[in-house]
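Written out below as C-alpha cells is the structure these notes cover.
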Amino acid sequence: MDAVRVQNLSKSFSSGAFRKPTQVLFDVSFNLIQGRTTGFIGGNGQGKTTTLKCILEFVFPDKGEVLFWEKNLSKESRLKIGYLPERPYFYGYLTAFEFLKLHWDLGKSSSSKEFKESADQALQRVDLSVARDLKLSQFSKGMLQRIGLAQALLHKPELLILDEPVSGLDPDGRWIVKEILHEQKKMGMTLFFSSHLLQDMDDLCDDLVVIDHGRIIFTGPTAEFKKNHRDLEAAFQANRKRLSK
Amino acid sequence: MKRTWVIARNTFKELIREKIFFVFAAVACLIFLLALLLGQLSFSEQNKIFLDVSFFAIEMTMLGLSLFLGGSLLRREVDRQTCLLILARPISRFEFLLGQLLGLVLLQIIFGILLHILIWCSSGFGSGWAHFCVFLSIFYKSLMVQCFVLLLSTSVRSSLAISAGLVFYLLSNALNDLSFAAKKSKDEFFILITNIMGVCLPHFDQLNLKTSWTIENPPHADQILFFTLQTSLWSIFLFLLAYIFWRKKDLVPTN
C-alpha cells in the first residue's frame, strides 16, 4: 500500500508582479510505500524542498495532487504525519519540554499524564532528557535538530517527512540523527527524507526518488539505482547525466 | 477552539518579548510622567491636562503596537518558517490566523487595561464606567487597524502594510474634517472622494472619546453597544478578507 502518492505536481513562482513566473517543478510523480524508507536526492535548488512543501500544502501546486493513504490531506492524516523542515527556527524562549507541550496541544486532545510519558520517551529517544528544562535559545544546532526530531516523533506518527535532517550537523550530530532514523525504520515507520549527503542515503534508504532541475529522473529501489556502481555517489553522478538526457 | 487558544497563548508569549513592545511601553510611561508634570504646571486644570495627555499616550502606543506588531506577525512566521512546524500539525490556516490575531489582541487588552488603571488611580479614582468607555474606544480603533494591517501583511511587505495602516488610521480619523472641507470647496471630485471614503472606511471620529470631557460626561451604554457592534462587523469583515488571502498563500520566505 502507498502511504503517499504524488501525481503530476507542477509549480511556478513569480518573483514580481510583472515578471515571468519561473517553473520549478515539472510533473513530479512518485509513490512512498508504507513501511519503507525513501530518500529524496537532488542537488541544491533542484526542487526538493518545494516538493516537500507541496506535499504538506505549505505551497500550493499549479497542477497535480497528493494523496495520503488514498485520501486528500486532512486533519486526520496530519495526525499520522511527523515533519521536520530544513533549518527549523524554534521559539527560543521555550524550554524543550514546553516546546513539546506546544506541539502536543496542537495534536489530538489527551491527558497531561499521556503527554508527560510521550515527551519523556521522545526526549530520551533523541538523547535530550538532561536538557528537558533548558531554553531552546541555549541549544546547539545539533540539539535543535534533535528536539525538532523529538517533536516530529512525539505523536508516534506513521509517516515521517524530514527535509535535510543532517545538513549542517557535525559528525556526532549526524550519527545521532541517523541512529534515530535507523531505529524508526526498524519499528516499521514510513520514512521520507531529502538530503544531498549520499552516504547517509546509501545506509538508510530502501527506495530513492531522484530529482534534477525540477524533474523526477529516477524512482525505485536503491539497489536498482546503484546497479553496476560501487556506491550511491558514483551511481548518482553516472545516472544523473544519463537520465537527465 | 483549543488549538486557536494554544496559538494565541504562544503568540502572546512571543510578542511580550519583542523589543518594540518594550519601546512602546517605555514611551507610554514617559508621556504619562510628562502628563503628570504638565498637569502640575497648570493653574486649575491639572486633572484635565493629565487625562488628555495620558489618553493620547495610550492611543498612540496602542496604535504603534497594532501597526508594528500586527504588520510583522505573519511575515515573521513565514520568513522564519516557524509556521511550517505549527501548520504540519492538525490545525487549519483559519485557526492559525485567528490564534495569531487573538494573541496580539490579548497583549493590547492587558497593556491598555494596565495603563488605564494607572491613569484611573493617578487621577483620583473618577468614574470607572467613563474610564472603561475611553479604554474601549481606543481599543476598538486599534483592533480595526490591527485587522487592516493583518489583511495587508498577507500579501505585501511589512513596511508597506504598516504605512498603509497608518494612512487608514489617519483617514478614518479625519473623515468628518475631510467631508467638511469637501463641502466648503464645492469641488465635485473632492466631494465624491470623501463620500466614497465615508463608505469604505470606519468612522474613527465617532470613537474619539479619549478626552477629559468623556470622564465628566460618560456615554450611554447603548452608544457603547453601537460602537461594539460597528467594530465587530468591521473587524470580522477585515479578518475574513485576510483569511481569503492567507488560505492559499505559499509559505515561502521573502528573498
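Can you tell me which of A:39, A:35 is away from every other protein chain (no Cβ under 14 Å), outside any loop (DSSP other than H, G, I, E, B), within 26 Å of residue A:225 (Cα to Cα) and of a type in the set (Gly, Ala, Ser)? A:39 is the lone residue from the list that is away from every other protein chain (no Cβ under 14 Å), outside any loop (DSSP other than H, G, I, E, B), within 26 Å of residue A:225 (Cα to Cα) and of a type in the set (Gly, Ala, Ser).
Evaluation of residue A:50 against the conditions (1) part of a loop (DSSP other than H, G, I, E, B); (2) under 18 Å from residue B:249 (Cβ atoms) shows that the sole unmet condition is (1). Based on what the data block shows, is residue B:6 out of contact with any helix residue (DSSP H, G or I) (no Cβ under 7 Å at 6 or more places or on another chain) and modelled with pLDDT of 90 or more? So residue B:6 fails the test.
Of everything in the range A:119-140, what is away from every other protein chain (no Cβ under 14 Å) and either assigned to a helix (DSSP H, G or I) or in contact (Cβ under 8 Å) with a residue 60 or more places away in the chain (or both)? Give them in sequence order.
Of the range A:119-140, the ones away from every other protein chain (no Cβ under 14 Å) are A:119-134, A:138-140.
Scanning the range A:119-140 gives A:119, A:120, A:121, A:122, A:123, A:124, A:125, A:129, A:130, A:131, A:138.
For residue B:48, the requirement of being of a type in the set (Lys, Arg) and within 14 Å of chain A (Cβ to nearest Cβ) is not met. Can you say whether residue B:20 is within 11 Å of chain A (Cβ to nearest Cβ) and not aromatic (Phe, Trp, Tyr), as far as the supplied structure shows? So residue B:20 does not fit the description; no.
Of the residues screened, residue B:160 is one that is without any contact (Cβ under 8 Å) to a residue 60 or more places away in the chain, within 14 Å of chain A (Cβ to nearest Cβ), part of a helix (DSSP H, G or I) and of a type outside the set (Gly, Ala, Ser).
One residue stands out in the range B:81-94 among those that are without any contact (Cβ under 8 Å) to a residue 24 or more places away in the chain and assigned to a helix (DSSP H, G or I): the one that is farthest from residue A:83 (Cα to Cα), namely B:82.
Only one residue in B:187, B:222, B:250 is free of Cβ contacts under 8 Å to residues at least 40 places away in the same chain and within 14 Å of another protein chain (Cβ to nearest Cβ), so which one is that?
It is B:250.
Would you confirm, using the coordinates I've provided, whether residue B:38 is in contact with a helix residue (DSSP H, G or I) (Cβ under 6 Å, 6 or more places away or on another chain) and part of a helix (DSSP H, G or I)? Reasoning before the result, please.
Details: in contact with a helix residue (DSSP H, G or I) (Cβ under 6 Å, 6 or more places away or on another chain): yes; part of a helix (DSSP H, G or I): yes.
Yes: the conditions hold for residue B:38.
Scoring residue A:67 on the criteria (1) closer than 21 Å to residue A:151 by Cα; (2) more than 8 Å from chain B (Cβ to nearest Cβ); (3) within 19 Å of the chain's Cα centre (by Cα); (4) surrounded by fewer than 17 Cβ atoms within 10 Å (Cβ to Cβ) leaves a single failure, condition (1). Mind checking whether some residue in the range B:95-114 is more than 22 Å from residue B:241 (Cβ to Cβ), among the hydrophobic types (A, V, I, L, M, F, W, C), within 13 Å of chain A (Cβ to nearest Cβ) and in contact (Cβ under 8 Å) with a residue 40 or more places away in the chain? Looking through the range B:95-114, none of the residues is more than 22 Å from residue B:241 (Cβ to Cβ), among the hydrophobic types (A, V, I, L, M, F, W, C), within 13 Å of chain A (Cβ to nearest Cβ) and in contact (Cβ under 8 Å) with a residue 40 or more places away in the chain.
The values are calculated or read from the model by the stated rules, or taken from the named source; none is laboratory data. In this text the structure is predicted, and so the values were computed from the model without any measurement. For neighbour counting, all protein chains shown are included, and Cβ atoms are generated from backbone atoms with ideal geometry for every residue, glycine included.
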